[in-house]
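**Q** Attaching a single structure in structure tokens format; questions to follow.
The values are calculated or read from the model by the stated rules, or taken from the named source; none is laboratory data. These figures come from a predicted structure and were not determined experimentally. For neighbour counting, all protein chains shown are included, and Cβ atoms are generated from backbone atoms with ideal geometry for every residue, glycine included. SASA here: full protein model, heavy atoms, side chains in, ligands and nucleic acids out. Shrake-Rupley method; radii C 1.70, N 1.55, O 1.52, S 1.80 Å.
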Amino acid sequence: MARAFFITGTDTEVGKTTIAAGLLHAARLAGLSTAAVKPVASGCDVTAEGLRNSDALALLGECTLPLRYEEVNPLAFEPAIAPHLAAREVGSELTVTALASPVRRVLASGAAFTVVEGAGGWRVPLAGRETLADLAINLKLPVILVVGVRLGCINHALLSAEAIERDGLVLAGWVANIVDPATSRLQENLATLAERLPAPCLGQVPRLQNASPAEVARYLDLALLKV
């Protein structure tokens, strides 16, 4: 049965792409076909082929379906700023409708395991009053929350989980990505997250010297997903 998940984080720079690529690799190891979409990306490099985003390229590298870059990352912007601001600077408008159509095309491509990666956290703005959360709602996708484990992460994680459930979506699982291994009382923090988040922990990923998808996948268990 085909399954697709929306990947969000407790903040920006918490390793969403690292975890998303690891999840895709774990799915591949389980014999599943894979696909991915990063609907909007800012902070792109200018290349001969057009704007390219390193996160989108990492996801594309873990897709078994023959997707083109433009299918994985349909909207790309050069400045490394909030996507709605980057879009505004080039006279574009980010709407849920504009983002949902290319995502649906990838979802319809037939992969057994698909990830749709957001940008930043749950309430990243789009045009008007819309946010990226509205895209996940529109697509009716269960959510995987990447918790960047560092000081303050418990509050960020619990607020994110509450917002996801208040928006009517299922929190299918969460991943503890230990971005600061020097966090005081690290194990106690992880235990508190496990006690209070209303979904299974799919894995605890340590700070890795080589955070390749294959290495990250070693710490993840897709069998624990809630849906």
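**Q** Which one is most open to solvent (accessible area, probe 1.4 Å), of the residues in the range 12-54 that are assigned to a loop (DSSP other than H, G, I, E, B) and at positive phi?
**A** Only one residue tops the list, namely Glu13.
**Q** When the range 114-126 is examined, which residues are found to be over 18 Å from Pro200 (Cβ atoms) and not in a loop (DSSP other than H, G, I, E, B)? Outline the logic, then answer.
**A** Residues of the range 114-126 that are over 18 Å from Pro200 (Cβ atoms), as a first pass: 114, 116-126.
Listed by number, the residues that qualify are Thr114, Val116, Glu117, Pro125.
**Q** For the range 210-219, state whether one or more residues are touching a Ser or Thr at 6+ places or on another chain (Cβ under 8 Å), surrounded by fewer than 20 Cβ atoms within 10 Å (Cβ to Cβ) and at negative phi.
**A** Looking through the range 210-219, at least one residue is touching a Ser or Thr at 6+ places or on another chain (Cβ under 8 Å), surrounded by fewer than 20 Cβ atoms within 10 Å (Cβ to Cβ) and at negative phi.
**Q** Report, ordered by the first and then the second residue, all pairs with beta carbons closer than 8 Å, sequence separation of six or more or different chains, a first member in the range 172-191 that is assigned to a strand (DSSP E or B), and a second member that is surrounded by fewer than 21 Cβ atoms within 10 Å (Cβ to Cβ) and among the basic types (Lys, Arg).
**A** What qualifies is Ala172/Lys226; Gly173/Lys226.
**Q** State all residues of the range 185-209 that are of a type outside the set (Val, Ile, Thr), out of contact with any Asp or Glu (no Cβ under 8 Å at 6 or more places or on another chain) and open to solvent by less than 80 Å² (accessible area, probe 1.4 Å); if no residue qualifies, say none.
**A** Of everything in the range 185-209, those that are of a type outside the set (Val, Ile, Thr), out of contact with any Asp or Glu (no Cβ under 8 Å at 6 or more places or on another chain) and open to solvent by less than 80 Å² (accessible area, probe 1.4 Å) turn out to be Leu186, Asn189, Leu190, Ala191, Leu193, Ala194, Leu197, Ala199, Pro200, Cys201, Pro206.
**Q** Please list, ordered by first then second residue, the pairs with beta carbon atoms under 9 Å, 6 or more apart or interchain, first in the range 141-156 and basic (Lys, Arg), second part of a loop (DSSP other than H, G, I, E, B) and open to solvent by less than 10 Å² (accessible area, probe 1.4 Å).
**A** Correct list of pairs: Arg150/Val14.
**Q** Hey, can you tell me all the residues within the range 192-214 that are aliphatic (A, V, I, L, M), in contact (Cβ under 8 Å) with a residue 12 or more places away in the chain and not in a loop (DSSP other than H, G, I, E, B)? Explain how you work it out, then say what you get.
**A** Applying the first criterion (aliphatic (A, V, I, L, M)) to the range 192-214 yields 193-194, 197, 199, 202, 205, 208, 211, 214.
If we keep only those that are in contact (Cβ under 8 Å) with a residue 12 or more places away in the chain as well, we get 193, 197, 199, 202, 205, 211, 214.
Across the range 192-214, the qualifying residues are Leu193, Leu202, Val205, Ala214.
**Q** Further, regarding this structure: Restricting attention to the range 127-150, and to residues there that are outside any helix (DSSP H, G or I), modelled with pLDDT of 95 or more and among the aliphatic types (A, V, I, L, M), which single residue is surrounded by the fewest Cβ atoms within 10 Å (Cβ to Cβ)?
**A** If we take residues in the range 127-150 being outside any helix (DSSP H, G or I), modelled with pLDDT of 95 or more and among the aliphatic types (A, V, I, L, M), then Leu141 is surrounded by the fewest Cβ atoms within 10 Å (Cβ to Cβ).
**Q** A further question follows. Please go through the range 151-167 and pick out each residue that is surrounded by fewer than 16 Cβ atoms within 10 Å (Cβ to Cβ), under 18 Å from Arg207 (Cβ atoms) and not aliphatic (A, V, I, L, M).
**A** Gly152
**Q** Restricting attention to the range 68-100, report how many residues are surrounded by 20 or more Cβ atoms within 10 Å (Cβ to Cβ) and either touching a residue at least 40 places away in the same chain (Cβ under 8 Å) or in a loop (DSSP other than H, G, I, E, B) (or both).
**A** 9
**Q** While we're here: Quick check on my filter: what residues within the range 168-184 are at negative phi and loosely packed, with under 15 Cβ neighbours inside 10 Å?
**A** Scanning the range 168-184 gives Asp180, Pro181, Ala182, Ser184.
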